[in-house]
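The values are calculated or read from the model by the stated rules, or taken from the named source; none is laboratory data. No experiment lies behind these values; they were computed from the predicted model shown. Quick reminder, even Gly has a Cβ in these numbers, built from the backbone with ideal geometry, and neighbours come from all protein chains shown. Side chains included, ligands, DNA and RNA excluded: accessible areas come from the protein's heavy atoms. Shrake-Rupley method; radii C 1.70, N 1.55, O 1.52, S 1.80 Å.
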Amino acid sequence: MKIQSAEHVRLCNKKRGKAIKRCLMMATAQVLINLPYHTLQVFDEIYDFANDQDWFAFYFYADALMYLIYLLQYPAVLVHIEFLISDTARNNRKSPLIPASRNTSVKPRSRSTKTTDIDT
């Protein structure tokens, strides 16, 4: 068992709570983004909209629109990852995605003024 201060335990619980909230929000967003497309597919299986002459035009455009909404889940994952990285970088004051020249916590290497000549 590790001895920790009450403040450290409180900060860890706060960080864990924020991570859980973020994951729940992302999972909810994924469900809401996927739900229309899959619901339309289920209705098509039940009512066969694709082969019905009266509903084909509506189904065709609705399917295209729902598929575009479905594809929004992939940029949503990138946004989620960016929030995770920026939160980690804010806490650590460094980011793995920021080059060392722009990262203020990492000092750039100074160039050596000495040069060595190699004679062959």
Handout entry: Cβ pairs under 6 Å, 6+ apart, first in the range 16-32 and under 16 Å from Ser86 (Cβ atoms), second surrounded by 11 or more Cβ atoms within 10 Å (Cβ to Cβ)
Key = Met26/His80
Exercise for the section: Among the numbered conditions (1) open to solvent by 90 Å² or more (accessible area, probe 1.4 Å); (2) at pLDDT 95 or above, tell me where Lys15 comes up short. Expected result: (2)
Exercise for the section: Output yes when any residue across the range 40-48 is within 30 Å of Glu82 (Cβ to Cβ) and open to solvent by 100 Å² or more (accessible area, probe 1.4 Å), and no when none is. Expected result: no
Practice task
Return a yes/no flag: does the range 100-111 have any residue that is among the β-branched types (Val, Ile, Thr), modelled with pLDDT under 90 and outside any helix (DSSP H, G or I).
Solution key: yes
